[in-house]
Amino acid sequence: MGIPIRIQAGSIALDAELHETPTAMAIERVLPIEAEAATWGEEIYFSIPVAQQLDETAKEVVQVGDLGYWPRGKAFCIFFGPTPMSRGDEIRPASAVNIVGRVLGDATRLRSVQDGELVRIDRKP
């Protein structure tokens, strides 16, 4: 069972969970997080105050709804479709990310979120 969180991005609210990995636990310790969304294709990302290296969960191709941590940019990433690096239907980050959690529900709802909109991640009570 993961750690329940809530993602509010613009007008979209989604339930999600963090896995029980060292990177995910480092993220959980700094919650709540608020940042301005940056979009890259169908990915939202933003810097967070966490410094981790790639770990055993690292992937170069991810799935819709995956939550990732990008060590190169110290960024939290929410994937909901192809990025400019994708080939075909795959979802490819700029470089490998640690998979730290998963959106519970339809992550494609995030397509309406624009650059600069506020994103907040909280523990879910």
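Each value in this text was obtained by applying a stated rule to the coordinates, not by laboratory testing. None of the values given here were measured: they were computed from a predicted structure. No Cβ is skipped: glycine too gets one built from the backbone with ideal geometry, and neighbour counts run over all protein chains shown.
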Seminar exercise, completed: Quick calc: nm separation of the 7 Å Cα→Cβ label points for Ala35 and Arg72 -> 1.5
Seminar exercise, completed: With +1 on the Cβ of every Lys and Arg and -1 on the Cβ of every Asp and Glu, the dipole magnitude of the stretch 28-125 about its Cα centre, in debye rounded to the nearest 20, is 160
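Below 14 angstrom from the Cβ of Gln53, what's the summed charge of the other residues (Lys, Arg +1; Asp, Glu -1)?
Working: positive: Arg72, Lys74; negative: Asp55, Glu56.
So the environment of Gln53 carries a net charge of 0.
Please give me the summed charge of the neighbours of Leu118: other residues whose Cβ is under 13 Å from its Cβ, Lys and Arg +1, Asp and Glu -1.
Numbers: positive: Arg120; negative: Glu34, Glu36, Asp115, Glu117, Asp122.
Here the count lands on -4.
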Exercise. If you keep only loop residues by DSSP, which trypsin sites (Lys or Arg not before Pro) in the stretch 31-82 have at most 15 other Cβ atoms within 10 Å of their Cβ?
Worked result: Lys74
For this session: Run the quick spin-label model on Asp89 and Glu60: label points 7 Å from Cα toward the beta carbon, then report their separation in nm to one decimal.
Result: 2.1
Problem set entry | Qualifying GluC sites (Glu not before Pro) in the stretch 1-107, DSSP loop, other Cβ atoms within 10 Å at most 10 | Glu56
Exercise. Excluding Pro22 itself, what net charge comes from residues whose Cβ is under 13 Å from its Cβ, given Lys and Arg +1 and Asp and Glu -1?
Worked result: -3
Seminar exercise, completed: For Ser112 and Ser11, extending 7 Å from Cα along the Cα-Cβ vector and measuring point to point gives, in nm, a value of 0.5
